[in-house]
Amino acid sequence: MPVLGTLAQLLAVVRAQNCDEVLIALPPQAYGKLEGVVHALRTEPVRIKIIPNYFSLALVQAQPEMLGGMPLIGLREPVIGSAARVAKRLFDIAVAGLLLLALAPLLFVIGLLVALSSAGPIVLRQSRMGENGRRFSMFKFRSMWQDANGAAAGPHKLRADPRVTPVGRVLRRFSLDELPQLVNVLRGDMTLVGPRPELPELVERYEPWQRKRFAVPQGMTGWWQVNGRSDKPMHLNSEDDLYYVYNYSFWLDLRILARTLLVVITGRGAF
């Protein structure tokens, strides 16, 4: 970007460029000059805004407030407000409960097939990171041979993964191995729609910006799942998750759920 002048020339630049608005983006060590900058513009009919140096820590929907006459900006505020959170939770309970009742025969058949196809538990409990980094046990139908989780590829998914059983391959293709997570939704560990709960060992390698995905409840399906799923590398998954965090609404949840049905039917990006 072109440099129009120094701080000492600010007033002249504002007048010469006929500015309507001035954005201040100073590093912390230069904050002492902030008052002088504002004072220099006291006679000009311009709007003045400041870009905080802690922008990378703040969430988009954080609102300023006053405490004892001093302004506060929350750096770790809930993205989903109280009323919206209650509505989301009631929706989760209603839909997850109805699905568990309706799918009970299917769940029984899947459990029987998993048990007959290979040795090992029918349902796995995996440690995952939930909202605000809280750990919980996530349920899944076992889709791999017993003791295969720690082999070769580690936690990452592979196409034609030799660790996956024939029954497990079908379950993964249509995301049927995820159905036990409806119990996690009822328990409040997860939500129907939100960023995918991550493995703790992967979270340890996260950059600070990626951890913003934990500002909302983690979900069974989300923006990533309907926009590429396993076809995308981890850092692009995070970008999709942050899109959801920054644009959350109940209508976005409904849109994602509708698109999830199509993705599950086609099996796109699932392996």
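The values are calculated or read from the model by the stated rules, or taken from the named source; none is laboratory data. Every value quoted in this text rests on a predicted model; they were computed, and no experiment measured them. Cβ sites come from the backbone with ideal geometry, for glycine too, and all protein chains shown count toward neighbours.
Things worth noting here:
Residue-wise test of (1) among the charged types (D, E, K, R); (2) surrounded by 12 or more Cβ atoms within 10 Å (Cβ to Cβ).
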| position | (1), (2) |
| --- | --- |
| Leu11 | no, yes |
| Asp20 | yes, no |
| Leu23 | no, no |
| Leu26 | no, yes |
| Gly32 | no, no |
| Glu35 | yes, no |
| Pro45 | no, no |
| Lys49 | yes, no |
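- As a summary of the residue check, Val95 satisfies the conditions (1) surrounded by 13 or more Cβ atoms within 10 Å (Cβ to Cβ); (2) more than 26 Å from Phe250 (Cα to Cα); (3) at pLDDT 95 or above except for the one numbered (2).
- In the stretch 17-37, the residues that are in contact (Cβ under 8 Å) with a residue 12 or more places away in the chain and among the hydrophobic types (A, V, I, L, M, F, W, C): Cys19, Val22, Leu23, Ile24, Ala25, Leu26, Leu34, Val37
- Elements of the type strands (runs of 3 or more DSSP E) sitting completely within the stretch 1-77 and holding at least 1 residues that are modelled with pLDDT of 85 or more: these cover 21-24, 47-50.
- Counting only residues that are crowded, with 20+ Cβ neighbours inside 10 Å and over 15 Å from Ala215 (Cβ atoms), the stretch 237-262 holds 3 of them.
- Arg255 vs. criteria at pLDDT 90 or above and either farther than 22 Å from Leu98 by Cβ or of a type in the set (Lys, Arg) (or both): yes
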